[in-house]
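Shown next, in structure tokens, is the structure this report addresses.
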Amino acid sequence: MLSKVTPYIIVIVVASLLGFITENIWVGLRFGFVDNRGMMAPGLIGYGMAMVGMYILLGTPEMPRFLGQRIYFASNELQIAYYIFMAGVLVSVGEILLGTAVERFCQIEWWNYSSLPLHIGKYTSVFTSIGFGMMITIFMNHIFPYLFSRALAVNDVLIESLVYVLFVLLVVDFIHEAKYMIKNKHINKIWKVDIKEKYIVNHDQVRYIH
């Protein structure tokens with residue numbers, strides 16, 4: 001390991017890519033299309049930052065924490081239930097803060113859960129929070145420990161440099177898209193593949209799939 005920060009940067013980069021894929025799967029299943037999710041790069045840095053934040057605050061399901069402090073439970077089932085609940089709570093808070101901020105500064109309603117059962121306002125719901133809590137718990141229990149252990153073993157200047165370049169690109173992309181939305185009051189839609197209607201949009205050019 002070349003730097004104490006490097007493993008966290010690696011996790012952020014990988015989780016950002018996985019977040020982009022996961023969000024498109026969710027949108028594809030619910031609405032029938034996939035797109036660039038408002039970004040130029042195929043990564044959503046919010047997911048990467050969230051996973052590192054979860055680790056710092058909650059640890060992992062095998063070694064849970066509360067606000068960074070190690071806590072213990074009588075059984076593994078209680079640990080898992082605790083982690084799902086706390087991850088869901090943090091997701092709800094994050095969704096409300098992000099959705100409200102985007103609506104206030106960009107006049108954009110980025111998503112709306114009002115049509116879902118047990119929604120709490122527009123930007124979160126019990127259903128989605130439990131779902132995200134379960135997915136986060138699976139990730140933090142099965143993928144994160146392996147990914148973090150491999151990241152700790154990195155001892156190559158080239159790999160570390162590449163990871164930092166990717167991280168910087170994700171940060172720059174996020175800042176660029178945030179400024180774009182504040183200025184233009186809409187999401188930067190670069191490409192879209194509509195599976196239901198069978199067409200592809202690329203920079204406002206529409207091509208139908210036969």
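The values are calculated or read from the model by the stated rules, or taken from the named source; none is laboratory data. What you see is a predicted model, and the numbers here were worked out from it, not measured in a lab. Backbone-built Cβ (ideal geometry, glycine too); neighbour counts: all protein chains shown. Protein only, heavy atoms only, side chains kept; ligands, DNA and RNA dropped before computing areas. Shrake-Rupley method; radii C 1.70, N 1.55, O 1.52, S 1.80 Å.
Counting only the Cα atoms, segment 35-167 fills a convex hull of 139 Å³ per residue.
Can you give the relative contact order of the chain as a percent, counting alpha carbon pairs under 8 Å and 6+ residues apart?
Values: 288 pairs, mean separation 59.7, N = 210.
Relative contact order comes out at 28 percent.
Relative contact order, whole percent, for segment 1-109 stands at 18, derived from Cα pairs under 8 Å and 6 or more residues apart.
Given +1 at the Cβ of Lys and Arg, -1 at the Cβ of Asp and Glu and no other charges, the dipole of the chain around its Cα centre is 280 debye to the nearest 20. L118 contributes about 120 Å² of solvent-accessible surface, heavy atoms of the protein only, 1.4 Å probe.
Inter-part distance, segment 79-109 to segment 40-57, computed on C-alpha centroids, equals 13 Å.
Decide, for segment 67-132, between rounded, prolate and oblate: order the square roots of the alpha carbon gyration tensor eigenvalues as a ≥ b ≥ c, take rounded if a/c falls under 1.5, and otherwise choose prolate if a/b is larger than b/c, else oblate. Here segment 67-132 falls in the oblate category. Using the 1.4 Å probe convention, the accessible area of segment 132-181 works out to 62 Å² per residue with neighbouring protein chains retained.
Before I look further, what does segment 53-96 give for accessible area per residue, probe 1.4 Å, in whole square angstrom? Mind dumping the intermediate values first?
On the way: 2450 Å² over 44 residues.
Heavy-atom SASA per residue in segment 53-96 reads 56 Å².
Per-atom-type breakdown for the chain gives carbon and sulfur 70% of the accessible area (1.4 Å probe, protein chains only). The lysine pair count for the chain, using Cα distances under 23 Å and pairs eight or more places apart or on different chains, is 6. In terms of Cα atoms, the Rg and Dmax of segment 90-210 work out to 18.9, 50 Å.
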